[in-house]
Amino acid sequence: MSDERKVQEVFARYVRATDRRDGKTQGALFTDEAVVSIKIKAGPDSYEPFGEPLIGGAGVEYAVTNLMSPHPEGGSSHHTTFDHLIDVDGDDAHLNAQFVVYKVQALTRPVDGWPTGTIGPQATIRPVESGYYDTDLRRIDGEWKIVRHTVLMDMPIAIPGT
Amino acid sequence: MSDERKVQEVFARYVRATDRRDGKTQGALFTDEAVVSIKIKAGPDSYEPFGEPLIGGAGVEYAVTNLMSPHPEGGSSHHTTFDHLIDVDGDDAHLNAQFVVYKVQALTRPVDGWPTGTIGPQATIRPVESGYYDTDLRRIDGEWKIVRHTVLMDMPIAIPGT
Amino acid sequence: MSDERKVQEVFARYVRATDRRDGKTQGALFTDEAVVSIKIKAGPDSYEPFGEPLIGGAGVEYAVTNLMSPHPEGGSSHHTTFDHLIDVDGDDAHLNAQFVVYKVQALTRPVDGWPTGTIGPQATIRPVESGYYDTDLRRIDGEWKIVRHTVLMDMPIAIPGT
């Protein structure tokens, strides 16, 4: 497998782990010293930091496990990435990808069946988040690990009480 | 071309064939004994079977040709796949991909022209279906064919009268 | 890096340049004689030309710089591509990709803070455009450049006053 595909697969695992709120699997994609930060778009070419960076796989594991809201019953999400730019230079790599996050809410079949005329997949699917991932990786003992990960959000994030 | 890309292109052909309701092209991507099944998400990590599996390229061709509803006038769809995990082991391969299906309905230009202020592309585009494809392929006479294909749906599917 | 990835990265740069309205970067992806045209879906397998083709990198640069509407404050877009079919034959390549364009509008934090109960990313994200890119590229002095680019739109485009 090419190094570019290996790097891309790190992100294919990242999005699945996030969507399953699997902090352990997600944390294992990062080095112990990795710096993970969120930035919010503040203008055409500028971003502002949001909160403090997470540090290392342990920080990521804690955040995914404890700070991401669980899916409601019938709920799913898909973090999806597109149009990757990947530069591999020896044991270092850089990735930039577009991302969109979808929130999925399955409808529940009424006890007396679907209403007349209802047909096909029953859910609401909404894109709720978008931006870019900008990330450095390093090959350590043959495995690509994330050493810096910046989530460049297109929109502000509301935190209750702020 | 790498084997990983060849496997990915099988799915690039799959989504185009589905969206064009081209059962013949779609069926040709499967072996005669391929098992194609749909499962519906029943909980965070569990799925329930939906209906009976389709068997082989002939079963897929029949279903795409006869059971998928045709697009209305001005209608299109896009089955899209993301964040592929692909493992190739000799003449066997496994693929897992996220998918989202979009339903597109073009608007019709009114006979006396678009209303004042109307500008740009005129359509509604809605994500209507999502989940994962989980698939085994085998290289036969140099070509990758699908031998097992499971569509893991995030949501239930309504069938009229059930 | 494989030629297929190099071709794919031309499009990864194309979508970022479009979304940033960076005509200079976008124009540089095309040869001087490139022919860029838009076609509108007119039926299940037919398209009609829309307007006159743009010619060359200079034509593309002019159009991106002068004819694409700028993003409003808090606005972004994402041109995203999926399920690429890429054929490389020596110094010639052909790409076909699905595309969806998202329009993003960030919400503005009210001066006295987000309303009670508001949580998470604050924006509307809408898919507004979809179709296929169908494109020929040529390797010139080691770099892949676009020589023909056709945007196959699923929907009509409204132009004020027509």
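The values are calculated or read from the model by the stated rules, or taken from the named source; none is laboratory data. The model shown is predicted, which means the values in this text are computed figures rather than measured ones. Methodologically, a virtual Cβ is constructed for each residue, glycine included, from the backbone with ideal geometry; neighbour enumeration extends over all protein chains shown. The area values use the complete protein model at the heavy-atom level, side chains included, leaving out ligands, DNA and RNA. Shrake-Rupley method; radii C 1.70, N 1.55, O 1.52, S 1.80 Å.
Quick notes on this structure:
- Translational diffusion of chain A, estimated by Stokes-Einstein from the Kirkwood radius over alpha carbon pairs at 25 °C in a medium of 0.890 mPa s, is 141 µm² per second.
- Among beta bridges that DSSP assigns inside chain A, antiparallel share in %, nearest 5: 85
- Sorting the segments A:117-128, B:126-137 by their residues' average number of neighbouring beta-carbon atoms within 10 angstrom, most packed first, yields B:126-137, A:117-128.
- Segment A:ALA28-A:ALA58, length gained on full extension (0.36 nm per residue, minus Cα span): 10.0 nm
- Shielding by other protein chains, C:74-80, mean Cβ within 10 Å: 6
- Chains C and A together bury some 2500 Å² of accessible area, summed over both sides, with a 1.4 Å probe.
- Rel. contact order, % - alpha carbon contacts under 8 angstrom, at least six apart, the range A:37-80: 24
- Under the Karplus curve 6.51 cos²θ - 1.76 cosθ + 1.60, θ = phi - 60°, whole-Hz ³J(HN,Hα) for the range A:11-24, x wherever Gly or Pro sits: 6, 5, 6, 4, 5, 5, 5, 4, 5, 9, 6, 9, x, 5
- Placing a label point 7 Å from Cα along the Cα-to-Cβ axis, A:THR108 is separated from the same position in the other copies by 4.1, 4.1 nm, shortest listed first.
- Projecting 7 Å from Cα along the Cα-to-Cβ direction, the label point of B:GLU33 sits 5.4, 5.4 nm from its equivalents in the other copies, listed shortest first.
- Sulfur and carbon atoms: percent of accessible area, the range C:80-128 [1.4 Å]: 52
- Accessible surface comparison of C:SER37, B:SER69, B:SER46, probe 1.4 Å, protein chains only, largest first: the order is B:SER69, B:SER46, C:SER37.
- The relative contact order of the range C:3-153 comes to 26 percent, based on Cα pairs under 8 Å that sit 6 or more residues apart.
- In this Cβ point-charge picture (+1 for Lys and Arg, -1 for Asp and Glu), chain B has a dipole of about 680 debye about its Cα centre.
- Extension gain for B:GLU48 to B:THR116 (0.36 nm times residue separation, less C-alpha to C-alpha distance): 19.4 nm.
- Given C:LYS24/C:LYS145; B:LYS103/B:LYS145; C:LYS41/C:LYS103; A:LYS6/A:LYS39; A:LYS6/B:LYS6; A:LYS6/C:LYS6, the pairs whose alpha carbons are separated by over 18 Å: B:LYS103/B:LYS145; C:LYS41/C:LYS103; A:LYS6/A:LYS39
- Angle in degrees between helix C:56-66 and the longest Cα principal axis of chain C, rounded to the nearest 10: 10
- With its label point defined 7 Å out from Cα along the Cα-to-Cβ axis, A:THR65 lies at 5.4, 5.4 nm from the matching points of the other copies, in increasing order.
- Here the Karplus relation 6.51 cos²θ - 1.76 cosθ + 1.60, evaluated at θ = phi - 60°, turns the backbone of the range A:115-120 into coupling constants of x, 3, x, 6, 8, x Hz, with x for every Gly and Pro.
- With the charge dipole of the protein assembly as shown set up from +1 on Lys and Arg Cβ and -1 on Asp and Glu Cβ about the Cα centre, the Cα lying farthest toward the positive end among the listed residues C:THR81, B:SER130, A:LEU85 is that of B:SER130.
- Of the residues in the range C:97-145, those shielded by at least 40 Å² of accessible area once partner protein chains are present, compared with the chain alone at a 1.4 Å probe, are C:GLN98, C:TYR102, C:TRP114, C:PRO121, C:ILE125, C:PRO127, C:TYR132.
- In the context of the full set of protein chains, residues of the range A:35-156 present 49 Å² of accessible surface per residue (probe radius 1.4 Å, heavy atoms only).
- Helical mean residue ellipticity (222 nm; -39500 (n - 2.57) per DSSP H run of 4+; nearest 500) of chain C: -6000 deg cm²/dmol
- Residue ranges C:139-145, B:71-77, A:79-85 sort as A:79-85, B:71-77, C:139-145 when ordered by packing (mean number of other C-beta atoms within 10 Å per residue, highest first).
- Three-way shape label, the protein assembly as shown, alpha-carbon gyration tensor, a/c 1.5: rounded
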